[in-house]
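S.K.: Here it is: the structure, laid out below.
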Amino acid sequence: MKQAFYLSKKFFSSKNKSSSSYFISKVSSISIAASSFSLIVIMSIFTGFENLLSQMYSDFDPDIKVTSKNQTFFSKSDFNFGDLDSSQIDYALTIENKVLAKYEDKQFLANLKGVSKNYENVTKINGFAKEIFFEKNNSYNNVYLGLGLANNIGIQNESFNKTLSFFYPNFKTNTAFGFKPYNSNKAIVNKIFSFASDVDNEFVISEIEFAQNLFSKNGLISAIEIKVKNKKDLNTVIKYLKKKNENSFYIKDKFQQRDFLFKILNSEKLAVFFILVLIILLSSFTHIGFLNMFFIEKKSELLTLNKIGFSNKIIQDALFFVSVKKFVRGLMIGVGLAHLFIFLQLKFSLIKMKDNLVVDSYPISYQPLMVLQLIVVLILISIVYSWLPSKTLSSNFLRKAEF
C-alpha cells in the first residue's frame with residue numbers, strides 16, 4: 001500500500017500542461033467541484049425552507065396537540081394529564097368545525113375554532129393581529145377573523161359594528177313543529193389576524209362557549225393544545241402523555257400536526273437529492289476519461305514498473321490513488337465554495353425572493369451533519385469511479401503486454 005501511494009504521488013504526478021490528461025483532469029475537477037457545490041447549496045436551501053416553515057407554524061401551532069382516536073368530540077376529563085402541572089405545561093381547550101358564515105349579502109365557508117381563555121398563552125395569536133377594531137366587550141360575541149377572509153368579504157375598520165352570522169346543521173332527531181334545521185348565532189369582529197395564507201383564508205377564532213353552543217356540543221372539545229415551558233422536556237412530555245393515555249388519543253408534535261406539508265417538502269428534497277446525485281454520476285464520466293488518457297500516456301512507465309518487479313496490484317492501487325486524489329481535489333474546491341456561498345447568503349442575502357411577504361431572500365441553513373453526510377456520499381462515488389476503471393485498465397493492459 002505504501003509503495004502504491006508513493007508511486008501515485010511521485011511517479012504518476014504529471015506536470016505536463018500540454019498533455020491531454022492534464023486538460024481532461026482540469027475539466028473533471030471543474031465538473032466535480034460544480035456538482036458538489038450545487039448539491040450542498042441546494043440541500044441547504046431546502047433545509048432552510050423546512051426550518052422557515054417550522055418556525056412560522058410554531059407560532060400558531062402548539063407544541064403538542066391532542067385529539068381523540070375514537071371520536072370527533074370528547075370531554076377534557078377523558079384525557080389523563082398524569083402528574084404534569086402548571087410549572088411544566090400550559091394548555092388550552094379548543095373545538096373546531098366547518099361552518100357557513102354570512103356578512104351582509106355574502107356567504108362563505110369558514111373553519112370556526114373556539115378556544116378557551118388560556119389560548120393566548122399557548123400560541124402567539126395576539127402577535128399576528130393586524131387590526132384591532134375595538135377592545136373586547138363582554139356584551140358581544142367576539143371573533144378574530146383571518147385577513148384573507150376579511151379581504152374576501154370586504155370587512156373594514158369602519159364596519160366593525162356590523163355582525164357576522166354563523167350557521168351549523170342541527171343534527172337532533174326531534175321532528176316537532178318549529179324544529180330548525182340549523183343552529184345560528186352572531187358575532188362582531190374584534191381583530192383581524194394574519195399568519196399564513198392557508199390559515200388566513202379559512203379560520204375564524206372565537207371563545208369556546210360560542211362555538212360549543214353553535215355546534216350543540218356543550219362541555220365537549222375537539223382538541224387539547226399544550227405548550228411545554230421547557231422545550232428540552234418536549235419529547236419526555238410526549239412519551240409520558242402517550243404512556244398515560246395508551247391508544248385512546250393522538251398526541252402530535254409540531255411536525256406531525258403538519259405532516260402532509262413536511263412530507264411533501266421532504267419528498268421534494270429527496271427527489272432533488274437523487275437528481276443531483278445522478279447528475280454527479282453522469283458528470284463524473286469525465287473523470288473516467290481522464291483516467292483513460294492518463295493511463296495511455298503512462299503505459300510505457302507501467303510496463304517498465306511491471307518489468308522491474310512491481311505487481312499488477314501495486315500498479316492498480318497507484319492508479320486508484322491518482323484517481324481519488326484528482327476527484328477529492330475537485331470535491332474540496334466545491335465544498336469550499338459552497339461554504340463561502342452559504343456564509344455570504346446568511347450574512348448579506350445575495351439571492352432575493354421577489355414578491356414574497358414572508359422573507360425577502362432565499363432561506364438557507366447550514367447543518368454540519370448534513371454537509372458531512374453529503375461529503376461522504378461524494379467520496380463513496382469517487383471511490384467507485386476510481387476503483388473500477390483503475391482495476392479494469394491495469395489488469396487488461398498488463399495481461400496483454402509483451403516483454
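S.K.: Let's see if you can work this out: charge +1 on each Lys and Arg Cβ, -1 on each Asp and Glu Cβ, no other charges. What is the dipole magnitude of segment 30-138 about its Cα centre, in debye to the nearest 20? Don't jump to the answer; show the numbers that get you there.
M.R.: Working: 11 positive and 14 negative charges, 70 e Å.
Dipole of segment 30-138, to the nearest 20 debye: 340 debye.
S.K.: I would also like to ask the following. Could you tell me how many degrees, from 0 to 90 and to the nearest 10, lie between the Cα long axis of helix 368-400 and the main elongation axis, the longest principal axis, of the Cα atoms of the chain?
M.R.: 30 degrees
S.K.: If you don't mind, there's one more thing I want to ask. Which option, (i) 23.1; (ii) 26.7; (iii) 21.4, is the value of Kirkwood radius over Cα pairs in Å that was calculated from these coordinates?
M.R.: So the structure-derived entry is (ii).
S.K.: Hey, if you put +1 on the Cβ of every Lys and Arg and -1 on every Asp and Glu Cβ in segment 290-387, which of 333, 290, 306 ends up farthest toward the positive end of that dipole?
M.R.: Highest projection toward the positive end goes to 306.
S.K.: Ranking 123, 392 by Cβ neighbours within 10 Å, fewest first, what do you get?
M.R.: So the ranking, lowest neighbour count to highest, is 392, 123.
S.K.: Which of 170, 79, 188 sits closest to the plus end of the dipole of segment 64-257, meaning its Cα is farthest towards the positive end, when Lys and Arg get +1 and Asp and Glu get -1 on the C-beta?
M.R.: So the residue we want is 79.
S.K.: Would you work out the charge dipole size for segment 64-257 about its Cα centre, treating the Cβ of every Lys and Arg as +1 and the Cβ of every Asp and Glu as -1, and quote it to the nearest 20 debye?
M.R.: So the dipole magnitude of segment 64-257 works out to roughly 460 debye.
S.K.: Using only the Cα atoms of segment 64-257, build the gyration tensor, take square roots of its eigenvalues as a ≥ b ≥ c, and label the shape rounded, prolate or oblate: rounded if a/c is under 1.5, else prolate if a/b is larger than b/c, else oblate. All intermediate terms of the calculation are to be shown ahead of the outcome.
M.R.: Working: a/c = 2.28, a/b = 1.38, b/c = 1.65.
Oblate shape, in that a/c is at least 1.5 and b/c is the bigger or equal ratio.
S.K.: Can you tell which of 364, 93, 139 lies farthest toward the positive end of the dipole of the chain, using +1 and -1 charges on the Cβ of basic and acidic side chains (Lys, Arg; Asp, Glu)?
M.R.: It is 364, whose Cα lies furthest towards the positive end.
S.K.: Would you mind giving the average projected area, over all directions, of the Cα convex hull of segment 309-376 in nm² with one decimal? Walk me through the numbers before you get to the answer.
M.R.: On the way: hull surface 25.6 nm².
Directional mean of the projected Cα hull area for segment 309-376 stands at 6.4 nm².
S.K.: While we're looking at this one, here's another question. Pull up the cross-link candidates among the lysines for residue 102, meaning alpha carbon to alpha carbon under 26 Å and not fewer than 8 places away within one chain.
M.R.: 113, 117, 130, 136, 162, 172, 180, 186, 191, 217
S.K.: Summing Lys, Arg as +1 and Asp, Glu as -1, what charge do residues with Cβ under 11 Å from the Cβ of residue 317 carry, residue 317 excluded?
M.R.: +3
S.K.: Could you tell me how many degrees, from 0 to 90 and to the nearest 10, lie between the Cα long axis of helix 234-245 and the main elongation axis, the longest principal axis, of the Cα atoms of the chain?
M.R.: Helix 234-245 sits roughly 60 degrees off the main axis of the chain.
S.K.: Another question about this same structure. Considering only DSSP beta bridges where both residues belong to the chain, give the percentage that are antiparallel (nearest 5).
M.R.: Here the antiparallel bridges make up roughly 80 percent for the chain.
S.K.: Rg/Rh for segment 16-130 to two decimals, with Rh computed the Kirkwood way over all alpha-carbon pairs. It would help to have the intermediate numbers written out before the result.
M.R.: Values: Rg = 27.0 Å, Rh = 20.2 Å.
In segment 16-130, Rg relative to Rh is 1.34.
S.K.: Let me spell out the model: positive unit charges on the Cβ of Lys and Arg, negative unit charges on the Cβ of Asp and Glu, origin at the Cα centre of the chain. What dipole size does that give, in debye rounded to 20?
M.R.: 2020 debye
S.K.: Treating the angle as unsigned and between 0 and 90°, give the value, to the nearest 10°, between the Cα long axis of helix 312-348 and the longest Cα principal axis of the chain.
M.R.: 40 degrees
S.K.: Name the most mobile residue of 359, 328, 27, meaning the one with the largest mean-square fluctuation, in a Gaussian network model of the chain with Cα contacts below 10 Å.
M.R.: Result for the chain, Cα springs under 10 Å: 359 fluctuates most.
Where a number appears in this text, it was derived from the coordinates with a stated rule and is not lab data. Predicted model only: the values in this text are computed from it and were never measured. We place every Cβ from the backbone using ideal geometry, glycine too, and count neighbours over all the protein chains shown.
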